[in-house]
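The structure appears below as structure tokens.
The values are calculated or read from the model by the stated rules, or taken from the named source; none is laboratory data. Treat the numbers as computed from the prediction; the structure is a model and nothing was measured. Quick reminder, even Gly has a Cβ in these numbers, built from the backbone with ideal geometry, and neighbours come from all protein chains shown.
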Amino acid sequence: MKLNWGTALGGIYVTYMCVMLGMVYVSRQHDVNLVAPDYYQKELDYQSEIDATNNTRSLAEKVKVDYNGQNITINLSKFDSSAKGSVTLFRSSDHNLDQRMPLAISDDAKMVIPTKGLKRGVWIVKLKWESDGEKYQFEDSVFL
């Protein structure tokens, strides 16, 4: 069988189409994790987050997050148990692993979070709290 240029060109187009359809199929099998399902509303509220972060930066005693191998310790030395807020352990690679808990400051101005059951890798500790009518926000990363 003799091939002419028309047959070769048709073969190239068919091959190209099969490769593109294969790539579309493979890309549709990949799970896309959004950082947050309500990202548009969060974008609208971003100025309040900037203000809360600036409030945290202006503190005389800085907020510290430490990991000792078993626990994540958050040191909020200026605040007591009257501060209300939340702590989020954010995993950017999979939003299904994110954990959120209320802020519970002990008498020594610390909060201890056990890491048993958390997957190894990089976690972002996000703190949002309010004390004396002022809002605060802090983020730090921890490698488990």
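Of the residues screened, Ser92 is one that is surrounded by 14 or more Cβ atoms within 10 Å (Cβ to Cβ) and polar (S, T, N, Q). Against the list (1) within 16 Å of Ile105 (Cα to Cα); (2) over 24 Å from the mean Cα position of the chain (by Cα), the condition Met23 fails is (1). Looking across the stretch 1-51 at every residue that is in a helix (DSSP H, G or I) and of a type in the set (Val, Ile, Thr), the one that is nearest to Phe90 (Cα to Cα) is identified as Ile50. Within the stretch 76-85, can one find any residue that is under 22 Å from Tyr39 (Cα atoms) and either at pLDDT below 90 or of a type outside the set (S, T, N, Q) (or both)? Yes, the stretch 76-85 has at least one match.
Of the residues that make up the stretch 25-41, is at least one farther than 25 Å from Trp129 by Cβ, among the aromatic types (Phe, Trp, Tyr), at pLDDT 90 or above and surrounded by 10 or more Cβ atoms within 10 Å (Cβ to Cβ)?
The answer is no; no qualifying residue exists.
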